[in-house]
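Trainee: Structure below; questions to follow.
The values are calculated or read from the model by the stated rules, or taken from the named source; none is laboratory data. These figures come from a predicted structure and were not determined experimentally. For neighbour counting, all protein chains shown are included, and Cβ atoms are generated from backbone atoms with ideal geometry for every residue, glycine included.
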């Protein structure tokens, strides 16, 4: 799939670390153009909310979470018995584990992805979890649209 790779959107820098680039490559290989564009918007909306709220969060982990959050919908990562959120969270955990990230970061990314559709819970967790939950809500349903500038 051919997509335009951006360095920044709306003043938000797109992480370009080795891990971020490899995660993006997996998304481009196994996802669709629709999922890629949605995932990028989710990251940007999440980061814009983080900026507006002056939240302290890890941009690289938020980006990787955004990239993997819907990969459980793809044939490569989908399992026959788990929710797509869990499939995506498991895939992200395995990916980050192979890069030697500590347990705490693996768990944070797992929670961020697994809870991205869980109303009433995600918004009370760590900043990455809450921000991505809000970013997905903004992209899918327009929740919080009034907080975006032109």
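Trainee: What is the residue count in segment 141-150 for residues that are part of a helix (DSSP H, G or I) and surrounded by 13 or more Cβ atoms within 10 Å (Cβ to Cβ)? Before the answer, list the steps.
Mentor: Initially, segment 141-150 is screened for residues part of a helix (DSSP H, G or I), giving 141, 145-147.
If we keep only those that are surrounded by 13 or more Cβ atoms within 10 Å (Cβ to Cβ) as well, we get 147.
So the answer is 1.
Trainee: Within segment 1-85, which helices (runs of 4 or more DSSP H) (wholly inside it) include 3 or more residues that are touching a helix residue (DSSP H, G or I) at 6+ places or on another chain (Cβ under 7 Å) and more than 18 Å from residue 126 (Cβ to Cβ)? Before the answer, list the steps.
Mentor: On the way: elements: 18-30, 33-53, 59-68.
Those helices (runs of 4 or more DSSP H) span 18-30, 33-53.
Trainee: In addition: Which condition number in (1) under 11 Å from the mean Cα position of the chain (by Cα); (2) without any contact (Cβ under 8 Å) to a residue 12 or more places away in the chain is the one that residue 25 fails?
Mentor: (1)
Trainee: Go through segment 1-55 and give me each residue that's farther than 13 Å from residue 139 by Cβ, in contact with a strand residue (DSSP E or B) (Cβ under 8 Å, 6 or more places away or on another chain) and modelled with pLDDT of 95 or more.
Mentor: Within segment 1-55, 14, 51 qualify.
Trainee: Now a separate question. Take segment 65-114 and flag every residue that is under 17 Å from residue 34 (Cα atoms), free of Cβ contacts under 8 Å to residues at least 60 places away in the same chain and crowded, with 23+ Cβ neighbours inside 10 Å.
Mentor: Selection gives 67, 68, 70, 71, 72, 88.
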